[in-house]
């Protein structure tokens, strides 16, 4: 293993048939660097025919060299004997032999059957669903209780989280909102202009943004940006036993960590959604202007199409999405397991679960709004 | 470089920003010896090791390992030099996604041309040597603190390195396991001629395994004494060394 420049150590071997059986004679350096080549040349047939390994020509032998000799002996069915090793190496050989004799037979864990895996995954799915429902329920109760007793709310933490979740997210929300407005308007203009109905793009974009895309896209941004951050932060705290430290102080970790984050997300989501809606309309208006429609015509069409019910229905969705995304982010953080990949797994699960929950909830909203005639 | 010296550190200076952690640090490690680095918490023991193995660049001085100045080595030379090292980190630093056996086999798989079955054979033997023959297929998360350290030692020994660095190998272990690890270190030195550099706080371990010890004092940012543990204990006039060995009060 000497990294200094110089000739690479060499190992020579010879297989000789003698009166007392086939002999493997080694000379040179039997070290980690050289044993790979020897091992590759000794196939099972050759090894099973060996009766002796002669190490008298060796200049150097390290622990892995000896380990390889013992492996050859084992592969020969213990019919092969080692002789001629230097005294110091011989002592190590005996030590390794003793260790191997004491080594327990350990079988690798059997691969899990597919049926068991499917069963466990299904059970896990239901347990997870139950945990999610319970968590969101506990969270809602916790929030209502906190709203009844506003002094119990950790306002400093909540405002700090509101800044992180809301103010810090504003640039990305504005950028994406603007692009969504531009893309929607361009795509809608292509078919609608064919029928001379280009001006109705304003109706389409405004209705889509206020009722559907505004809250949905804001929630997706929140999930990717803040839901993942909540899971990573709480998950790291769990791995570092900080949650246990909170528990030993007699503090409720959920109230301490979850409520400020979830309340911040719930308060900030409608505000971010309003910003996304507005900037989306600006983007669509710019596209319409570039196609020769006037600003007043655009505004007039928007006001004719949408009313405060559309705006409020979208904002109510945003509020619920905020609760779901922040809640699931915190829940995944609390569910973090052990090991270095645990926090990464929690973060991924927070984002995936968050987006699934948003879309599922949006489906429920569509059904309920339709039933209510909203 | 004296032929028997495998490591030579000269006038090493390490600083984090304006804070100087080590200055004028010079010492040698002789082939086949066990050298312990002692010192209080925050005295720079682990920092010193990290510089000697080339993980950090010092602000001054030279470090020659096996005749090569690693402070001026390019990344390729440094990687080649590091193959002569085996390092056990304080936390174990086992790869969490691999089983214990896979952790030990990883350097063999990546850095030798041994076939898989031979890598596994060697890995099993190394784990048996450190008393983990039954934990081959466990994940690091399933191991106790002591088992993690032993697995990390087995991984450090995977390539039969010329020099092994052990950062607090006995910390947090029960006396029997700590003594077993000391025996293992002595056996490896005696049989393979391995050079071992150990960072430790355990005085029992120092007296059992160390040929020489260097003592670092954080307040003086460097080495305050070098010698055999018995010499340092019995003859050192340095108040810090006397306190360290005799646990005298500062009064």
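The values are calculated or read from the model by the stated rules, or taken from the named source; none is laboratory data. Computed from a prediction, not measured in an experiment: that's the story for all the values here. When we count neighbours, we look across all protein chains shown, and the Cβ atoms used for this are built from the backbone with ideal geometry, even at glycine.
Of the residues making up the range A:9-42, those that are within 11 Å of chain B (Cβ to nearest Cβ) and part of a loop (DSSP other than H, G, I, E, B) are A:31, A:32, A:33, A:34, A:42.
The sole residue among B:84, B:31 that is surrounded by 18 or more Cβ atoms within 10 Å (Cβ to Cβ) and under 30 Å from residue A:97 (Cβ atoms) is B:84.
For the condition assigned to a loop (DSSP other than H, G, I, E, B) and either more than 11 Å from every other protein chain (Cβ to nearest Cβ) or touching a strand residue (DSSP E or B) at 6+ places or on another chain (Cβ under 6 Å) (or both), what is the one hit in B:110, B:57? Unique residue meeting the criteria: B:57. Given the conditions (1) part of a helix (DSSP H, G or I); (2) away from chain B (no Cβ under 11 Å); (3) buried (at least 17 other Cβ atoms within 10 Å of the Cβ); (4) over 36 Å from the mean Cα position of the chain (by Cα), which single one is not true for residue A:151? The failed condition is (3). Scanning the range B:80-104 for residues that are over 22 Å from residue B:22 (Cβ atoms), at the interface with chain A (Cβ under 9 Å from one of its Cβ atoms) and not in a loop (DSSP other than H, G, I, E, B) gives B:80, B:101.
Might you let me know whether the range A:116-135 holds any residue that is more than 30 Å from residue A:265 (Cβ to Cβ), crowded, with 16+ Cβ neighbours inside 10 Å, touching a helix residue (DSSP H, G or I) at 6+ places or on another chain (Cβ under 7 Å) and more than 13 Å from chain B (Cβ to nearest Cβ)? The answer is no; no qualifying residue exists.
Scanning the range A:51-76 for residues that are in contact with a helix residue (DSSP H, G or I) (Cβ under 9 Å, 6 or more places away or on another chain), more than 14 Å from chain B (Cβ to nearest Cβ) and modelled with pLDDT of 90 or more yields one hit, A:53. Can you name every residue in the range B:142-158 that is within 16 Å of residue B:188 (Cα to Cα) and either surrounded by fewer than 24 Cβ atoms within 10 Å (Cβ to Cβ) or within 14 Å of the chain's Cα centre (by Cα) (or both)? B:150, B:152, B:153, B:154, B:155, B:156, B:157, listed by residue number. Only one of these is under 17 Å from the mean Cα position of the chain (by Cα) and either surrounded by fewer than 18 Cβ atoms within 10 Å (Cβ to Cβ) or touching a residue at least 12 places away in the same chain (Cβ under 8 Å) (or both): A:224, A:255, A:250. Name it. Exactly one of A:224, A:255, A:250 is under 17 Å from the mean Cα position of the chain (by Cα) and either surrounded by fewer than 18 Cβ atoms within 10 Å (Cβ to Cβ) or touching a residue at least 12 places away in the same chain (Cβ under 8 Å) (or both), namely A:224.
Scan the range A:48-74 for residues that are in a helix (DSSP H, G or I) and touching a strand residue (DSSP E or B) at 6+ places or on another chain (Cβ under 9 Å) and the total you get is 9. Yes or no: residue B:124 modelled with pLDDT of 90 or more, in contact with a strand residue (DSSP E or B) (Cβ under 6 Å, 6 or more places away or on another chain) and within 11 Å of chain A (Cβ to nearest Cβ)? It is false that residue B:124 is modelled with pLDDT of 90 or more, in contact with a strand residue (DSSP E or B) (Cβ under 6 Å, 6 or more places away or on another chain) and within 11 Å of chain A (Cβ to nearest Cβ). Scanning the range A:77-97 for residues that are farther than 22 Å from residue B:108 by Cβ and more than 12 Å from chain B (Cβ to nearest Cβ) gives A:77, A:78, A:79, A:80, A:81, A:83, A:84.
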